[in-house]
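The values are calculated or read from the model by the stated rules, or taken from the named source; none is laboratory data. Quick caveat: nothing in here was measured; it's all calculated off a predicted structure. Quick reminder, even Gly has a Cβ in these numbers, built from the backbone with ideal geometry, and neighbours come from all protein chains shown.
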Amino acid sequence: MKWEFRLLDAIRKRHSRFWDRVMTFFTSICNAGLIWHVISLSLILWESTRFAGFCTFFGAIIASGFANLVVKPLVSRDRPCDRRPELPAKVKKKPHGSSFPSGHAATSVGGAVGGAIGLLWTVGSIPAIIFGAATGALALLI
């Protein structure tokens, strides 16, 4: 974890309130998979993208379940704030459990990939590429 704390410290040196707010926003929209439920429902409403909506939903659910129920217990990695209590908390409620892999990140990648595959299967490559790029960027921010 030594190199990771050096990276964390380098990032913290460039700390700003603006980026705290931006990143807190993107983290919060993925709480309980909220943004992926909204995206899934939006796609499910139209018949031409319904399959992609289900793929988005189930991709997010499967990835989240695998990360949180299989990988996290196997890896059982401490959170940085548990290893270094002097690190200021940026969230109001400290998450429980281990830190790796990130449930938010896994859910986001699963939703983005699932939706892109669903669109590729049903409406073609251009919409799938656009969706994949947009939701991939969202997943990176989350």
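Considering each residue of region 129-142, count those that are in contact (Cβ under 8 Å) with a residue 24 or more places away in the chain and farther than 17 Å from Ala105 by Cβ, and give that number. Let's see the steps before the verdict.
We begin by selecting, within region 129-142, every residue in contact (Cβ under 8 Å) with a residue 24 or more places away in the chain; these are 131, 135-136, 138-139, 141-142.
Remaining after also requiring farther than 17 Å from Ala105 by Cβ: 131.
Within region 129-142, residues that are in contact (Cβ under 8 Å) with a residue 24 or more places away in the chain and farther than 17 Å from Ala105 by Cβ number 1.
In this entry, Ala133 passes the filter for residues that are loosely packed, with under 14 Cβ neighbours inside 10 Å, out of contact with any Phe, Trp or Tyr (no Cβ under 6 Å at 6 or more places or on another chain) and at pLDDT 85 or above. Within region 100-126, residues that are more than 12 Å from Ala52 (Cα to Cα) reach partners that are not in a helix (DSSP H, G or I) with beta carbons closer than 8 Å, at six or more positions or on different chains, in the pairs Phe100/Arg77; His104/Cys30; His104/Ile142; Ala105/Ile142; Thr107/Cys30; Ser108/Cys30; Ser108/Ile142.
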